[in-house]
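The values are calculated or read from the model by the stated rules, or taken from the named source; none is laboratory data. As the structure is a computational prediction, the values presented were derived from the model and not from experiment. Here the Cβ is made from the backbone with ideal geometry for all residues, glycine too, and neighbour counts use every protein chain on show.
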Amino acid sequence: MKKINYIIIFFFTIALKAQVGVSLPSSSISNNSKWIFGGYAGLNGLFGNNSGTTLYLTPKVGYKIHSNLIIGFDGNFSWSNSKYSSSTILGTGPFVDYYFQKSFYVSANFRRYFISSKLKSNIPLKA
């Protein structure tokens with residue numbers, strides 16, 4: 001019975017993970033524009049003894065130097081809260097993407113992180 005409960009919790013955990021993509025209307029940016037806008041947002045949730053919530057946002061802005069080369073600036077924000085701890089992470093920095101084909105590329109980035117965390121209570125040890 002205990003094994004079945006863990007399996008059910010595992011599937012609920014997977015079902016709660018989501019990513020959202022947002023695209024701008026085609027009328028606001030011409031198809032010949034060299035500017036690239038993107039990113040993603042997500043929300044994770046867990047149940048049980050290790051219950052918690054995580055929210056993350058990752059915006060990305062780039063400029064197409066060549067048809068295969070993009071340089072730009074991206075960042076990320078992550079907020080996590082659980083029964084035992086909470087944290088906030090903010091990262092930002094430049095990136096370079098080189099596309100060999102439409103679905104295959106190499107990316108390099110440098111990111112500076114600012115991290116704030118707080119321990120709410122000690123995790124009880126089980127003997």
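One table, with the values for the structure above:
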| quantity | calculated |
| --- | --- |
| Residues of the stretch 81-93 that turn out to be under 17 Å from Thr58 (Cβ atoms) and either surrounded by 14 or more Cβ atoms within 10 Å (Cβ to Cβ) or in contact with a helix residue (DSSP H, G or I) (Cβ under 8 Å, 6 or more places away or on another chain) (or both), as a count | 6 |
| Unmet requirement for Phe95, which otherwise passes all of (1) under 29 Å from Ser117 (Cα atoms); (2) modelled with pLDDT under 90; (3) not β-branched (Val, Ile, Thr) | (2) |
| When residues of the stretch 62-111 are limited to those that are farther than 30 Å from Ser51 by Cβ and assigned to a loop (DSSP other than H, G, I, E, B), the one nearest to the chain's Cα centre (by Cα) | Phe110 |
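Residues are listed down the side, and each one gets a yes or a no for (1) at pLDDT 80 or above; (2) surrounded by 15 or more Cβ atoms within 10 Å (Cβ to Cβ); (3) under 30 Å from Ser117 (Cβ atoms):
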site: Phe12; (1), (2), (3): no, no, yes
site: Leu16; (1), (2), (3): no, no, yes
site: Ser28; (1), (2), (3): no, no, no
site: Gly42; (1), (2), (3): yes, no, yes
site: Leu46; (1), (2), (3): no, yes, yes
site: Asn49; (1), (2), (3): no, no, yes
site: Ile65; (1), (2), (3): yes, no, no
site: Ile70; (1), (2), (3): yes, yes, no
